[in-house]
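Enquirer: First the structure, which I've put down as structure tokens, then a few questions once you've had a look.
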Amino acid sequence: MSRARPRPAASTAEAPYLELLSRGAPAEEYERPVLRARAEGASAEELASLERGKLLALRVRTELEGRRRREAELSALFETAHDLAGLRDLDAVLHAIVQRARSLLGTEVAYLTLNDPKAGDTYMRVTDGSVSARFQQLRLGMGEGLGGLVAQTARPYVTDSYFDDARFQHTRTIDAGVQDEGLVAILGVPLVLGSGVIGVLFAADRRARVFEREQIALLASFAAHAAVAIDTANLLAETRSALAELEAANEIIRDRSGVIERASEVHDRLTELVLRGGGVDDVADAVAEVLRGAVEFAEAGAAPAPAVDRSRADGHAVRHGDDWVAAVSAGGELLGALVLHGHPGLDPVDQRTFERAAMVTSLLLLARRSAGEAEQRVRGELLDDLLDAPDRDPGLLRERAARLQADLDAPHVVLSARVEVSPAAGARPGVRPLAAPGVPSPPRAGGETAEQETADRQRLWSAASHLAATRHGLASARDGGTVLLLPLGSGDTAAATARHAARQLGTAVHHPVTVGASAPVPEPAARPGSVAAGYAESRRCLEALRLLGRAGEGAAAEDFGFLGLLLADSRDVGAFVHRTIGAVTDYDERRGTDLVRTLEAYFACGMSPARTKDELHVHVNTVAQRLERIGRLLGCDWQSPSRALEVQLALRLHRLGGAVDR
């Protein structure tokens, strides 16, 4: 009795396809086992078995891909619902809906229309991927176009080719917009809320495409979540609007009931400010807090002139656009004005409060002027003693400075300042000879009267005194200008202090102000004579600025390169060398290079790289590389005539210093 032939093991036909399924191979790879077996001369039975295995594997692959796709779609749907639930702003909700719909279906364009019950149509609200302005502004009547049909029937509609589809009403406006956007395949599903349609959600492509039933169902499910999210956002917006209106009503009630209370409060606060010696800014802050607006004090000439004149004539605050202006005056002199910004409406009580604040401000300004003039005289007298009486007792000087909150044991810088005016024809711009100490300045060019010159000097002295007081320094009028002694803060330099003073004083006097600075004076109290020497150096710097056509700027000796060696009292050659070529010498010390020698050879050879390489016995590329490194260290303008002169002088002084050290 013959035994049945055993059935081939499953691995004979199915094994290759199981391996392909396990690694998710593309469909075209499933043909390879059959082709390989045919090439190896497999029997017809084996080839048939492989064909059956291939078909089964492809069927399984299709089923797995479908399940994975459905799983991904469900996951995306849940994520979308979660994201929409977290949004509260309607615009953010609508944009999120359209963007996620486009992502879910992988289309080129997605858009959303909302129904307008008053107009009886549906209009384009949000688009994603759209490029046509005409398309983005479409309005569809109920029943017009695919979207109008969806909005009217509350049923999804899909078309593979919009212009070839006669199921819905084509209009010239809608067709022109769709054609301008280039859409072909369109899927639209209704946004249903309760029993009504609030809009339509679309996904579209610019090529023919068949939307599968699963994709239609997916977009419909997404539209259901979207409709709820839109309704929630609308309800929240309505709630916020109602709360805002309620809050506004409550605010009006609180304002009206608190008018008298605020008036009493501001009266008490202004009285307290006067009694404790408060300032103008304190008054402005108090009024701003009470009137709930921004209040500032404007100097005379800075406030709007017509409004100030009307307020001064009427004795009341006047409206100027959206602002209120109250003149601050005393004894017929206009001192400035209080300006209440962005407050177009004032009730009579608040207006009276504002006017009372202007009156208090005038009292404080008069008191501050008297105290300021006294303090300016005291500061000027102390600085005059430091300049003119070097034999004064240092202890007494320190005691007088302490009463002015000045520390004469700290490093200071001496500044000379002068106001500049337009010169007469033929004169050098900004240049006017400096008077010798104790000698009156010559008449100004440009036809300025003696009274105007005196007024300019007075404004400069006042501004300098204010700057000195705020910086805990000293100031005095001298030699037709002003001299200041200011402390140097941590990290400050004499040059930076001069530039800052020139800007600040120029702004205060409304004219360019030239400021020259001395080198730092370590201890003015211990060495009073150093202040006089610093003053002389600062005057030389000031005159150099004006002769160089740099009137209106501030500078110290270190700003003038090698000229600074002539202007400065210290003749600090080492500092000049370090400022000029210190980056190169430091680089040589750190890296063991010889860039300094390369610089010397380069200048000695007439700035010729070809001759320099012969002098140094190196390749010309080596010279070029070194010069490039030097340019990065010194700056791109190091070979300009003025910089090259300073570099050559610094090289000579550096070599001379090295020879002296040896």
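Enquirer: Work out the FRET efficiency for Val349 and Ala450 from their Cβ-Cβ distance, taking R0 = 56 Å, and round it to the nearest 0.05.
Expert: The pair Val349/Ala450 has a calculated efficiency of 0.65.
Enquirer: At 0.36 nm per residue, and after removing the present C-alpha to C-alpha distance, how many nm does the segment from Asn621 to Leu236 gain when stretched out fully?
Expert: 131.3 nm
Enquirer: Under 1.5 on a/c is rounded, so check that first for the range 10-64, then, if it is not, pick prolate when a/b is larger than b/c and oblate when it is not; a ≥ b ≥ c are the square roots of the alpha carbon gyration tensor eigenvalues.
Expert: Prolate.
Enquirer: Order 507-518, 115-126, 479-490 from most to least packed using the mean count of other Cβ atoms within 10 Å.
Expert: Those peptides, ordered most packed to least, come out 507-518, 479-490, 115-126.
Enquirer: A follow-up question, please. How many nm separate the modelled label positions at Asp180 and Asp91, each set 7 Å beyond the Cα in the direction of the Cβ?
Expert: Going by the 7 Å Cα→Cβ label model, 2.2 nm.
Enquirer: Quick one: net charge of Met142's neighbours, Cβ under 12 Å, K/R +1, D/E -1?
Expert: -2
Enquirer: Here's something else I'd like to know. Report the Cα centroid-to-centroid distance between the range 503-548 and the range 39-58 in angstrom, as an integer.
Expert: Here the two parts' Cα centres lie 101 Å apart.
We did not get these values from a lab; they are worked out from the coordinates using the rules stated. Not measured: the values here are computed from a predicted model. No Cβ is skipped: glycine too gets one built from the backbone with ideal geometry, and neighbour counts run over all protein chains shown.
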